[in-house]
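Okay, so here's the structure we're looking at.
Read-outs: derived from the displayed coordinates by stated rules, not from any lab. Because the structure is predicted, anything quoted here is derived from the model rather than measured. Positions of Cβ are generated from backbone atoms using ideal geometry, with glycine treated the same way; all protein chains shown enter the neighbour counts.
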Amino acid sequence: MTGIPFVGENGFYPSWPRGGGRWIFQRTLVSVGGLMAGYAEIAAQNVPSADQIIIWVPRKGFVRYLFPGIIHKERQDALYQLFGFSLRCYGNDCTLKLSSPQQVQSVVSEFGLRPERWRLSCPFCAGTVGPDLEPVSADKIIRRWQGVGRPPLENPAASAAFKSAPVVNDLEDWIRKNDPSHLELAYLGQQLWPDTKSMLDSLCLTA
């Protein structure tokens, strides 16, 4: 594998969602200049999961491939977790927001039985669907990071133009220098909570 992979690219999944079986926010493409900019963008277009807001991280272990019942349970778990999110469409000028299980199921495009191959897209404009990122803020995530002992965090970068991205050891300094997007903040922040829904619920409640 070359470059810094997106979640789901060539079977890559980060190690911090221990055990798997959860939705996580996707990494973001690093902006580069010169000839490498075009290369990085073209490479990203060839990764089916690159434009997704969230990606399912499958449970670890080979046993899940052997028994159909395990696959069925994982599909149920993936849908159940989706029902707990406040979802919206990120397509241009699309205002779709999802409030019922039936609406949530309508955005799931299956490219295979396993939920890590699902893609979430708007049935009206084909835009990417994902959790509402409005409650995600740098200040709230920094407070959480400080409260849990300032752990090092995996960088949200993805790019075919680079081999690696430095670990974020000082989150506050990294945010000040990089002016991250809401999605980059969500990728960092989700490493500080037990699961993605816990993070979003906590951020909604935190003043």
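Please go through the residue pairs K97/K197; K97/K177; K60/K197; K163/K197; K73/K140 and name each one whose alpha carbons sit more than 24 Å apart in this structure.
Beyond 24 Å between Cα atoms: K97/K177; K163/K197; K73/K140.
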Quick one: F6, F111, fewest Cβ neighbours within 10 Å first, how do they rank?
F111, F6
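Between beta-carbons, use under 10 Å as the cut-off and find the net charge around F6, counting Lys and Arg +1, Asp and Glu -1. Don't skip to the end; give the middle numbers.
Numbers: positive: R27; negative: E9, D51.
Summing Lys/Arg as +1 and Asp/Glu as -1 gives -1.
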Could you list S164, S159 so that the one with the fewest beta carbons within 10 Å of its beta carbon is first and the one with the most is last?
S164, S159
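How large is the charge dipole for the stretch 100-207, taken about the Cα centre, if only the Cβ atoms of Lys, Arg (+1) and Asp, Glu (-1) carry charge, to the nearest 20 debye? Provide the component values of the computation, followed by the final result.
Numbers: 11 positive and 13 negative charges, 39 e Å.
So the magnitude is around 180 debye.
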Charge dipole magnitude, Cβ of K and R +1, D and E -1 - the chain, Cα centre, debye nearest 20:
620
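Provide the net charge surrounding A158, with neighbours chosen by a C-beta distance below 13 Å and charges set as Lys +1, Arg +1, Asp -1, Glu -1.
Net charge around A158: -3.
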Sequence of V108, V57, V148 once ranked by neighbouring C-beta atoms within 10 Å, starting from the fewest
V148, V108, V57
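What shape does the stretch 121-167 have by the C-alpha gyration tensor, where a ≥ b ≥ c are the square roots of the eigenvalues, rounded means a/c under 1.5, and otherwise prolate means a/b greater than b/c and oblate the rest? Don't skip to the answer; put the middle values down first.
Values: a/c = 4.19, a/b = 1.33, b/c = 3.15.
Taking the square roots of the gyration eigenvalues as a ≥ b ≥ c, the stretch 121-167 is oblate.
For the chain, build the convex hull from the C-alpha positions and give me its volume per residue in Å³. The partial results should precede the final answer.
Details: hull volume 27.6 nm³, N = 207.
Normalising the Cα hull of the chain by residue number yields 133 Å³.
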Out of Y187, Y90, Q102, whose Cα points farthest toward the positive end of the dipole of the stretch 9-205 (charges: +1 Lys, Arg; -1 Asp, Glu; placed on Cβ)?
Q102
